[in-house]
Amino acid sequence: MKIALVLDDSIDRPDGVQQYVLTLGAYLARAGHTVHYLSSSSSRTDVTVHSLARNVGVTFNGNGLRIPLPTSRARIRALLDAERYDVIHVQTPHSPLFAARVVDEARRLQARLVRIVGTFHILPDSKVSEWGTHALGRALRANLRRFDAFCAVSAPAADFARRTFGIDARVIPCPVDVTGFAAAAAASSRRPGGDGRLVIAFLGRLVERKGVLELIHALDALTEEERDGIEVRIGGKGPLFGDLEAAIHAAGIDRVAMLGFVAEEDKAAFYADADIAVFPATGGESFGIVLVEAMAAGSGVVLAGANPGYLSVIGDRPEVSVDARDTPAFAEALRRLIADASLRSEIHAEQAAHVRQFDVERVGAQVLELYGV
């Protein structure tokens, strides 16, 4: 089949939707399909990208996003006429100014000879974000009727799609190269904690909803003796960097390494070195790719914020999820995992088995079913 994966933003940005698109596209290419990416500007030359849009930056749902400016329908129509895709797969919610125009023009050119599907990714973290998404749903109402099928990356995302867009979406999780992450971690040089200390690691954007300041507050609530047995590694960049440094200094927490941006090829090793990988996001998460990656790489234990998207990934064991805004409860969760090696070992084994359901080979087969294969 010839498949177009459509994304309003550039595929070059290291965000969750881009990871979804690129991981799925690589799987489809390995399966023998021709895969094109329809997006805004891109510098990639290893895949076939049609850069059709120009973008402007906005902030939405706690993320820095780029949305497309109005894109030429004639340019879109010319590309679709030349390529004649069998499947067009749109990442939704999508812009009326680019991806929606791709859908409109594909239907005009090929009628029902092209199958158009969408993946619903978003779960708002505030009333403002939710109102904005409702407004977008009204603007896209006619366009959404041109789709053949939808999936959503989690049950909470599917529920929101139904309430807001009237979309009935099948739940298909985000694909992650679980086998590849495990192999990369196994091949990496390990950096355990010094003098037998446990490594507590965080990786993510340094923005409010990712919960990194809540992590520092929870560490501050530990006793000095408990903190003497750990070292903390924080990966990521963002506007809270200065606030984070100030919070660490105010708490008097020693042995905190601020590592900045962690490249994609270094993520498996970063996760594998963690005795406790902590992702305390407070909301706005429709899934939890970082949780899957950390489990796949072999982190000792993955501890997640108790938001709906992360809970859909981490499972229902109470020791591995916590409301990060409840500092005493967060500190107690860390305290128990730090103190109990047998509990960490038991949870590690469970998570190593649990993560297999998110492997791209399994998830990709479900996406192909959505395509009608």
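Can you classify the range 1-112 as rounded, prolate or oblate using the Cα gyration tensor, where a ≥ b ≥ c are the square roots of its eigenvalues, rounded means a/c under 1.5, and otherwise it's prolate if a/b beats b/c and oblate if not? The shape class here is oblate. Please build a GNM for the chain, connecting alpha carbons under 10 Å apart, and tell me which residue among ALA250, ALA100, ALA29 fluctuates the most. Among ALA250, ALA100, ALA29, the largest mean-square fluctuation in the Gaussian network model of the chain belongs to ALA250. Lysine pair count for the chain (Cα-Cα distance under 25 Å; residues 8 or more apart in sequence or on different chains): 4. Ordering HIS94, HIS348 by accessible surface, largest first, gives HIS348, HIS94; the 1.4 Å probe counts only protein heavy atoms, with every chain in place. Pairs of Cα atoms nearer than 8 Å and 6+ residues apart set the relative contact order; for the range 175-253 it is 37 percent.
Keeping all protein chains in position, work out how much accessible area PHE241 exposes to a 1.4 Å probe, and write it in Å² to the nearest 10. Accessible area, nearest 10 Å²: 80 Å².
Extension gain, ALA183 to ALA263, is 27.1 nm, computed as 0.36 nm per intervening residue step minus the present C-alpha separation. Here the relative contact order of the chain, from alpha carbon pairs under 8 Å that lie six or more residues apart, stands at 15 percent.
Rounded, prolate or oblate: which fits the range 276-370 when a ≥ b ≥ c are the square roots of the eigenvalues of the alpha-carbon gyration tensor, with rounded for a/c under 1.5 and prolate only if a/b beats b/c? Verdict is oblate for the range 276-370.
Solvent exposure of the chain amounts to 42 Å² per residue of accessible area, where only protein heavy atoms count and the probe is 1.4 Å.
Placing +1 on the Cβ of every Lys and Arg and -1 on the Cβ of every Asp and Glu, with no other charges, gives the chain a dipole of roughly 2160 debye about its Cα centre. Residue ranking by accessible heavy-atom surface, 1.4 Å probe, largest first, among MET258, MET295 comes out as MET258, MET295. Distances between placed amide hydrogens fall under 5 Å for LEU198 paired with ILE230, GLU231, all partners being 5 or more residues away or on another chain. Potential lengthening of the chain between ARG141 and ALA246 amounts to 33.1 nm, from the contour at 0.36 nm per residue minus the alpha-carbon distance. Ordered by solvent-accessible area of protein heavy atoms (1.4 Å probe), largest first, the residues ARG197, ARG362 come out as ARG362, ARG197. A probe of 1.4 angstrom, applied to the heavy atoms of all protein chains, finds GLU264 with accessible area near 90 square angstrom. Each of ILE167, PHE181, CYS151 was placed along the dipole of the range 135-181 (beta-carbon charges, centred on the mean Cα), and the one lying farthest toward the positive end is ILE167. The distance linking the range 9-48 with the range 144-210 is 17 Å (Cα centroid to Cα centroid, whole angstrom).
Approximating the spin labels as points 7 Å out from Cα along Cα→Cβ, the ARG356-to-ALA31 distance works out to 2.0 nm. Peptides 83-90, 231-238 ranked from most to least packed by the mean count of surrounding Cβ atoms within 10 Å: 83-90, 231-238.
The local environment of LEU22, defined by Cβ-Cβ distances under 12 Å, has a net charge of -3 under the rule Lys, Arg +1 and Asp, Glu -1.
Taking 0.36 nm per residue of separation and subtracting the current Cα-Cα distance, fully stretching the chain between THR45 and ARG335 would add 99.7 nm.
The string of couplings for the range 344-353 from the Karplus curve (6.51, -1.76, 1.60, θ = phi - 60°) is 4, 5, 5, 5, 4, 4, 5, 5, 4, 7 Hz, one whole number per residue in order, with x for Gly and Pro. In the chain, the DSSP beta bridges split such that about 10 percent are antiparallel, to the nearest 5.
Spin-label model, ARG73 to GLU224: label points 7 Å out along the Cα-to-beta-carbon direction sit 7.2 nm apart. For the range 287-301, the Karplus equation 6.51 cos²θ - 1.76 cosθ + 1.60, evaluated at θ = phi - 60°, returns couplings of 8, x, 4, 4, 5, 5, 4, 5, 5, 5, 6, x, 3, x, 9 Hz by residue, with Gly and Pro reported as x.
Go through HIS89, LEU109, ILE216 and say which Cα lies farthest out towards the positive end of the charge dipole of the chain; charges sit on Cβ, +1 for Lys and Arg, -1 for Asp and Glu. Looking along the dipole axis, the top candidate is LEU109.
The values are calculated or read from the model by the stated rules, or taken from the named source; none is laboratory data. No experiment lies behind these values; they were computed from the predicted model shown. Quick reminder, even Gly has a Cβ in these numbers, built from the backbone with ideal geometry, and neighbours come from all protein chains shown. Areas reflect the complete protein model, heavy atoms only, side chains present, ligands, DNA and RNA absent. Shrake-Rupley method; radii C 1.70, N 1.55, O 1.52, S 1.80 Å.
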